[in-house]
């Protein structure tokens, strides 16, 4: 018979031996019994399941049945007998109006501690027992967390798990079409990467720093989308009064754009991330320096409008599908432009695309299988960031209608000019 997979992976872990495994099983089952008995008594009268001895004996029975019959038949028969007994117990609980499955589940876990102690590293049954003890002892905090958690957040987390853990592995690693130089899996990986960064930023904004000011909003919002953050902050600058904190926030959002693009490059195209590290790093440093200088200017203290509204949720399925569609579109257009117009056409395309959402375009450059040099990819990314900074400067001017955004507008224009100069002069 083949060796159990978990046992095969645990060859470097010293075995406990028969006596040690039995002692571990009995000790862990006894701890479960103590905590379960305390938990049931705290719930009120009439909830008794037995004492700690009950689960201890269940755990010992599981170990002994596994020991006497290595084939596992006796263990399965014993599990069936335990299931029948627990079913009778559960029927009585239903008659009294209590339908919780907690006690039967813990009894089954106690029964399986013996086989786990025998077949897996000793830390694994300890980990299982610790998890159960924490769930029992922290019931008030868990319920408080359930009451505090806004409706829909669990569903959102499930969406991300499905996107990253189910959809991504199932997608084939073959090109979408002969004229589209990117695979299905690469397309969805780009969606998962940008959604993951956006989701972390959203959680930080919504829960870790719910009463954030403009500066924190610039940092966290920029991780999601510097363009969207610029629009939101500029819109609220109309009521911000005489404060340069708005401009500093806008520059912080732009600095996070460079950081986000560099992180995505490291995750999705580490080979090309080296070439992007210098221009994106310089852009981030210059943006941070501009934010620091602006924050120290007279009138920088925030006297109003320092709070920004809650961020929009980043994990809508429609938004993910739209991002995937834009990603494939930019890959296709980039391929056609390269075939028809070469490197000059790609630079022009980068300049135009920068006035939209640059993430799909940049990711398409990183993940697409184009016959172009890394230097040309870096140049295209730098051009796109430059035109995107011009777009944000336009948003700040047209939306804020507040003279206090002038420092940010000037800084964004300088950054754009430096990007174009570096790209077209061949500095990158």
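Just so it is clear, none of the values below were taken in a lab; they were calculated from the coordinates. Here the structure is a predicted model, which means the values were calculated and not measured. Cβ: placed from backbone, ideal geometry, glycine included. Neighbour counts: every protein chain shown.
Tabulated results
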| quantity | calculated |
| --- | --- |
| Span from the segment 71-122 Cα centroid across to the segment 398-426 one, whole angstrom | 67 |
| Candidates 257, 163, 18: whichever shows maximal mean-square fluctuation once the chain is modelled as a Gaussian network with Cα springs under 10 Å | 18 |
| Using a Förster distance of 56 Å, the FRET efficiency for residue 293-residue 42 (Cβ separation, nearest 0.05) | 0.45 |
| Inter-probe distance in nm under a simple model that places probes 7 Å from Cα toward Cβ, at residue 200 and residue 68 | 5.4 |
| Angle between the chain longest axis and helix 214-236 axis [Cα atoms, degrees, rounded to 10] | 50 |
| Cα Rg over Rh - segment 47-179, Kirkwood | 1.12 |
| For peptides 133-144, 356-367, sequence by mean Cβ density within 10 Å, most packed first | 356-367, 133-144 |
| Estimated FRET transfer efficiency when R0 is 22 angstrom, pair residue 23-residue 51 (beta carbons, to 0.05) | 0.65 |
| Residue among 77, 182, 353 with the largest mean-square fluctuation in a Gaussian network model of the chain, springs linking Cα atoms under 10 Å | 77 |
| Packing rank of 414-422, 154-162, where each peptide gets the mean count of other beta carbons within 10 Å, highest leading | 414-422, 154-162 |
| Distance in nm between pseudo-label sites at residue 266 and residue 155 (7 Å out along the Cβ direction from Cα) | 3.5 |
| Difference of contour (0.36 nm per residue) and Cα-Cα distance, residue 95 to residue 356 | 87.7 nm |
| With Cα atoms, 0 to 90° folded angle of helix 52-68 axis to the chain main axis | 90 |
| Degrees, to the nearest 10: 317-353 long Cα axis against longest axis of the chain | 40 |
| Value of [θ]222 nm, deg cm²/dmol, for the chain, DSSP H segments ≥ 4, -39500 (n - 2.57) each, nearest 500 | -24500 deg cm²/dmol |
| Value of Rg/Rh across the chain [Cα atoms, Kirkwood radius] | 1.14 |
| Cα→Cβ-extended label distance, 7 Å offset, between residue 207 and residue 77, nm | 4.8 |
| Contour minus Cα-Cα distance for residue 341 and residue 167 (0.36 nm per residue) | 59.0 nm |
| Calculated on alpha-carbon atoms, Rg and Dmax of segment 342-411 in Å | 14.4, 46 |
| Highest-fluctuation residue, 229, 254, 348 considered, GNM on the chain with Cα pairs under 10 Å | 348 |
